[in-house]
Each structure stands twice: as C-alpha cells, then as structure tokens.
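Down below is the structure, laid out as structure tokens.
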Amino acid sequence: MTSSILFNVTTIAYMASMVVFFAYLASKNKTLGLTGSIIAYVGLIIQTAAIALRWKESYDMGVGHAPLSNLYESVVFFSWTIILIFAFIDIKYKYRVVGAFVVPFALLGMTWAQLGLNTGIEPLVPALQSNWLLYHVVTCFLGYAAFAVACGISIMYLIKAKHEEGGSASPGGLMAMFPPIRILDDLNYRAIMIGFPLLTLGIITGAAWANYAWGTYWSWDPKETWSLIVWFIYAAFLHARFTRGWVGKRAAWLSIIGFAATIFCYLGVNLFLSGLHSYGNSKM
Amino acid sequence: MATTERNFVQKVWDFFCSLKLTIFLLISLALTSVIGTILPQGPLPPEYVAEISPIKLQIYTKLGFFDMYHSWWFIALLYIFSINLISCSIKRLPHVFKFITEPTTILGESLRNSFSLKKELAISASVEAGRDKLAEFLAKEFATPVVNEHNGEYHLFAQKNAWCRLGVYVVHLSILVIFVGAIIGSLFGFKGFVTIVEGSSVSSIESRNGQQIPLGFDLRCDQFNVTFYNTGSPKEFKSILTVLENGQPVKDYTNVRVVVNDPLTYKGFTFYQSSYGQATEGGEHFFTATRRSGGAPEQFALSEGGVATFKDGTTFKLLETTPEVRQFMPDFSGPAARIEVTFKGKSPQTFIVLKNYPEINAQRNDELTFNYLGSNAKMYTGLQVAKDPGVWVVWLGCALMVAGIFIAFFMSHKRVWVIVSKGHIRMYANANKNQAAFQMQFDTLADKFTNLKI
C-alpha cells in the first residue's frame, strides 16, 4: 500500500461526501446529512494515514522530511486542514448543511493535486531545512482552512439573505435547510475567530524563521505582504462587527474577499509574482 | 469662539476615535500594499526601465511606488493607524477599568430584564439564611460573591475573568510595541553583505546603502563547500568560518560551520549563508589538448576569459567554469568548463568539457581533444550580515499579540447575580462573549440551584 493509493481513496471519499451532501440538500433526509459527515470523516482518517505514510516513505528514500515541501504536498495538506476545521465546526455547532459548501473546497484541492501536480517526493532544498517549516506551514494552513470554511458559510449567508429579501420564504423549500442568517453570521464570525489567531501565528512564525535564516524578520516580499493584506482584511472584518452598517451582508462579502486574498496569497503570488517563496511554483 | 474651537477639537477627537476610520485604514493599508507586490521595489532593473513608458516611470517615482513601504504616504497611513489605535484605547479604557473595578453589584430592574439567563426558586427559610446558603453555594460552584443589602433584599454578585475585557487592548498595545521595535531596528540596526575568499579574512562589511561598517574583529573563511542531491538540486551550502581577535582565533568561534538556516552570531553581528562563487583573481584552470594523429598531450593553463593559440592556428577561449556541473547537467558531476574553439578556417564552436568524463570529451572526434584537469581557483562565500537591536522588542510585541488575541477571542467575562428576597430567590447571569457556551455552564449551575433546599 503506497500513500498515493490512499490519497486517491481520500479524493473519492470527499467526492462521495459532497454528492451525499448535495443529495441531503435536495431530499432533506437527515440520515443523508449524517452519512455525508461520516464519509468526510473517514476520508479525513484515510488522508491522515496517507500523509503519515508519505512522511515515512520520504525517510525510506533517504530524504526524510515532513510532507509540506512543495505545491503538491501543500495542496494536499490544505485539503486535510479544511476537512479538519469543518469537522470541528460540524461537531461543535451541528449545522450539517455547511458541509455541502465546504467539502467541495477540499475535493477541489485533492483533485487538482492528484491530477494536475507533480506527486514525486523531492529532497529539501537548503532554504527549507529547518524545523520552522513545520510550525510555519501548519499554522498558516489551519488558518487558511478556517477562512475557507468561513467563505463557504458566507456564500450560504448571501444566498439565504437574497432569498429572504425576495420574500419567497416557502417553509418547505431548499432554504429551510439553511440555518437562519443570524446563525450563519455567527458561524462566519466563529470560523474567522479560529482562523485569525492561526494566521497571526503563521505570520509570526514566518517572521521568526526569516529572521533566523536571513537576518530580516520582514522584507516586504510579495508573499509576506499578501499575508499581511489578508490579516488586514480579517482585522477589518473583526472591527466591522462592532460598527453599524457593516454587519450582515458586508461582513459576508469581507469574508469572501478575505478568502480570495488568502488564495491569492497561497497560489497567486507564486504563479504571478516573484519572491522568496519560489520553491512552491517550479514543482508544477 | 471658544465653543467652536472646542467643537473643532471634539470633532478631531471623534474622528480619530471612530471605528469607521479603523476599517477605512485597514482596507486602505490592504489595498495600497498590493502596489508594492506588483511593481519592482528598490533599485530598478534596466529591462524594466526600458519597458515602461517615461511618463509612467516619472509618475510612479514621484508617488514613491518603487519604494512604497517607505514612502511618505504609506508611513503616514501607519501613523494615522497608530493614532487611531491609541485614541480608541484612551477613549474606551477608562470605561473598561471602571467596569472591572466597580462592577454592578446591585442589579437594577432594567438590567434584570435584559438578561436571557435567569432562574427562580421559592424558599421557606429566612432571607438571612437564604443569603448565607447562597453565598456558600456561589463560592463553591462559581466564584466568591460580594453581598449587598438593598431595599430589604440581598444582592449577591460573583464574577470570573473580568480582566479578560482588557485582551483587545493588549492586542492594540502589541501592534505599537512591534512598531517601536521596527523603528529601533531602522535607527540602530543595519543590513549588509560581505564576500570572503577561502583562506582570507575581512574586518569590515558593506551595508545596503553602500557604507563600510567596521566589525571590530576579523572574520576568516577557511573553506566553502556545496553539495548536490542526485537530482541536481542543491543539498547544502556550507562555509567554515573563524572569528579572529587581534589575529588570534577566538575559542568557540573557530571552524564554525555556517549553513543556510544556521547562522553565526558574534558581538551582535549575525552572518547568514547567502551565496557563493568561484574567486576570479589568481584562479588558473588547467587543460590538455591531445592530437587525434597521436603524440603526447599538450598541457596549458588559462584564467577565465583567457585565450590560447596552438601551432596550427587553432584558438581556444575559456568562457566560464564551474566546480560542480550537476546543477546545470544533472547526469554529470564534478568540475566543468565552457570553451569556445576555433579551428583554422572554421567558424567558432562552443561546448563543455568535463573533468570527470574524458571519454565524453573524446566523443567529439575533432582534430584536437580537450580535457579539463581542474583549477586552483578558490571559492568565495557570500554572507548576509545583520544587526538589529530592535528584534527582541518585535518578539515581545508578537508574544503580547498572541496572548492578547487568545484572551480577547477565547475568554469571556462571566457574571452571576443572585437576589434573595422574602419567599424566593432569583438568579441572573451574563457573559460578554460566547453566550452559547456560557448557557450550558449556566444550565448546570441552575440545576444545582433548583436542587437547593432552603
């Protein structure tokens, strides 16, 4: 059994979970909702095993390192963190339908990684040979994942709010499945409350690493700057909650824009701009 | 006149205290920061200058777009941001302090009605007995209460984590601390660069603005080494460095191994492995030329850029060399030279000769076969040098920020009031955050409360 087979099984599990969640949306059958969650959790467990196995495989090859060193490995890890944060919110707040809007992000990541990226295990270049790699990448991606979940919830918010504005609040419709907008607004806030401290830790560990490796904790490199842009947007979101006229729809939009900036920080910077984090892009 | 002045001051103050300004500033900082990630920063590469129209270049330069994070308007935004932060904190802190130090111990009618968490219980005992029993109950199950008498009723008040209301101000303070650290670094620190050829030493380094900065000691490079993985990607860049005081090696700073991610720090200066290369001065490269028709190989030496001419008129020019070819040709290893050979009456041809693979060099089947024997050229190591006395202030700010965010997000100020009246007791509760989680805690408390037999 190799890790790549397990990663394929994971992808299939997330696909199945998404399909079941969509069926849940259409049928409103509670068993389907539970099944969707369980399939996602099984996928999470398989993926955890696959990541651990890939880690071990790298040691067997004599280039042992945590599987967080190139674009493929980071996309896989991102998918893993998205499902992890979803599991946390699902278990804690029990709004199953959120899965239909969050699992697709993880599935998208896994599909892209398995089909479009170079899956080979590569040795670590000197710049990445540090324990900081683990702390920095784990905190950043957990933060990104929480923002992904918040984005999914915000999309639900906007759909539901638009529907309510239209006045066609038929009690038995699809919208009845969605949590009330007040709850969605609150869940959005809670997901960002998880993501913001993690992003802050991610930026700080990155700065500490940069200072240790290059002697500069901040050099306005595009990746650093974009992480700060993301931080500014979510800081604005947090303050918007205490300001009249900025709650509800505007907050939902800020959350979506924040996640778009997050994705640009993660992928766009490597694809379109040049800088210190260049090891992420040549591996495609 | 005085009132309009006061009005004006009041308006300015309100402006700086406003949360709308905060949101505006955060979004402005986010939007403007994008510019510096798209346009090149610092000294412009000539290709860029050639590509962009002169008018654009002029406008961008005027606006400081090519060093935008240090431009007057970006710094001004950061200053306004700091003033906003301080003003908001000054305005709200006294209220928060009062809230913590002088809590509402007697619960008025209107507050009572505003709380969603409440529970009532009938008692048969006297008001005093109820008071004592409840004080004991709260101390055991929640926190020690303050007891007050009011209109013949007893008001018991207990609270937890009141100070966590300060968390958000700790975060605000941490941002200012980080700014202070950055300012200290820019005033008293510097960044620089130095190259040291193997076997030689330096006593000063060049800072980024071109200034020579004396170290106060000597730094010698004993050796530089680069190794590669089989894939051709670099595995390790390693300098062996020795610190010298008055020409003598310093104990514990002799033959120190410096690699990427593992720098050397001495007397506040930190040296980071950054680049490397082959020293040009004095480096000679050795070659042989063997005639296909036979005869002893002819040996000759050249430095990079040098030209040798043979008896038959063939010229040999050494273009460049590398001590390790793997990074360019992953299937081969060892030293290699790129040369330009012009046989008499023919056009020049450029190719690579390898030290470790003479058989491959021979495959060319030219009249002359060239082999590379290697070089006596030395390597140099390129070290990034930094001194930043503000960095610990920045880390202090970061630690404060993490602690502050944790307190502000995950801890809540929980308050419980119990009013003991004749015949019944009422309990009210409130948390400033995460009401849902507190609800569960309150439900457990309320269960125990209703089981009290008084």
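Quick notes on this structure:
- Of all residues in the stretch A:244-263 being at pLDDT below 95 and of a type in the set (Phe, Trp, Tyr), the one that is most open to solvent (accessible area, probe 1.4 Å): A:253
- Test: residue in the stretch A:67-77 that is aliphatic (A, V, I, L, M), assigned to a helix (DSSP H, G or I) and modelled with pLDDT under 90: yes
- Within the stretch B:305-318, tally of residues that are under 14 Å from residue B:283 (Cβ atoms) and touching a strand residue (DSSP E or B) at 6+ places or on another chain (Cβ under 6 Å): 2
- From the options B:243, B:258, residue that is open to solvent by less than 30 Å² (accessible area, probe 1.4 Å) and either within 14 Å of chain A (Cβ to nearest Cβ) or touching a helix residue (DSSP H, G or I) at 6+ places or on another chain (Cβ under 6 Å) (or both): B:258
- Residues that are in contact (Cβ under 8 Å) with a residue 24 or more places away in the chain and either polar (S, T, N, Q) or open to solvent by less than 30 Å² (accessible area, probe 1.4 Å) (or both), drawn from the stretch B:261-273: B:266, B:269, B:270, B:271, B:272, B:273
- The residue that is nearest to the other protein chains (Cβ to nearest Cβ), counting only those in the stretch B:225-240 that are of a type in the set (Phe, Trp, Tyr) and over 28 Å from the mean Cα position of the chain (by Cα), is B:229.
- Search result, residues across the stretch B:431-453 that are open to solvent by 30 Å² or more (accessible area, probe 1.4 Å) and not in a helix (DSSP H, G or I): B:432, B:433, B:434, B:451, B:452, B:453
- Restricting attention to the stretch B:120-144 and to residues that are open to solvent by 80 Å² or more (accessible area, probe 1.4 Å) and outside any loop (DSSP other than H, G, I, E, B), the residue that is farthest from residue B:452 (Cα to Cα) turns out to be B:128.
- Considering residues of the stretch A:218-243 that are open to solvent by 50 Å² or more (accessible area, probe 1.4 Å) and farther than 11 Å from residue B:23 by Cβ only, the residue nearest to the other protein chains (Cβ to nearest Cβ): A:220
- Of the residues in the stretch B:2-17, at least one is closer than 28 Å to residue A:241 by Cα, part of a helix (DSSP H, G or I), under 32 Å from the mean Cα position of the chain (by Cα) and not hydroxyl-bearing (Ser, Thr, Tyr).
- Close pairs (7 angstrom Cβ cut-off, 6 or more residues apart or separate chains): in contact (Cβ under 8 Å) with a residue 24 or more places away in the chain and facing another protein chain (nearest Cβ under 8 Å) in the stretch B:26-46, in a loop (DSSP other than H, G, I, E, B) and open to solvent by 30 Å² or more (accessible area, probe 1.4 Å) anywhere: B:36/A:220; B:41/A:220
- In summary, strands (runs of 3 or more DSSP E) completely within the stretch B:326-408 and bearing 2 or more residues that are of a type outside the set (Gly, Ala, Ser), within 14 Å of chain A (Cβ to nearest Cβ) and in contact (Cβ under 8 Å) with a residue 12 or more places away in the chain occur at B:379-387.
- Test: residue B:202 is open to solvent by less than 40 Å² (accessible area, probe 1.4 Å), touching a Leu at 6+ places or on another chain (Cβ under 9 Å) and either without any contact (Cβ under 8 Å) to a residue 40 or more places away in the chain or among the acidic types (Asp, Glu) (or both): yes
- Just one of the listed residues (A:169, A:208) is at pLDDT 90 or above and of a type in the set (A, V, I, L, M), and it is A:208.
- Qualifying position, being open to solvent by 50 Å² or more (accessible area, probe 1.4 Å) and among the hydroxyl-bearing types (Ser, Thr, Tyr), among A:59, A:72: A:59
- Of all residues in the stretch B:1-43 being at pLDDT below 85 and open to solvent by 50 Å² or more (accessible area, probe 1.4 Å), the one that is nearest to residue A:254 (Cα to Cα): B:43
- In this structure, residue B:284 does not qualify as open to solvent by 40 Å² or more (accessible area, probe 1.4 Å), farther than 28 Å from residue B:220 by Cα and acidic (Asp, Glu).
- For the stretch B:47-58, a residue qualifies if it is away from chain A (no Cβ under 14 Å) and part of a helix (DSSP H, G or I), and the qualifying residues are B:49, B:50, B:51, B:54, B:55, B:56, B:57, B:58.
- Residue match in the stretch B:231-240 (condition: open to solvent by 70 Å² or more (accessible area, probe 1.4 Å) and touching a residue at least 60 places away in the same chain (Cβ under 8 Å)): yes
The values are calculated or read from the model by the stated rules, or taken from the named source; none is laboratory data. Please read all numbers here as calculations on a predicted model, not as lab measurements. When we count neighbours, we look across all protein chains shown, and the Cβ atoms used for this are built from the backbone with ideal geometry, even at glycine. Accessible surface areas use protein heavy atoms only, side chains included; no ligands, DNA or RNA. Shrake-Rupley method; radii C 1.70, N 1.55, O 1.52, S 1.80 Å.
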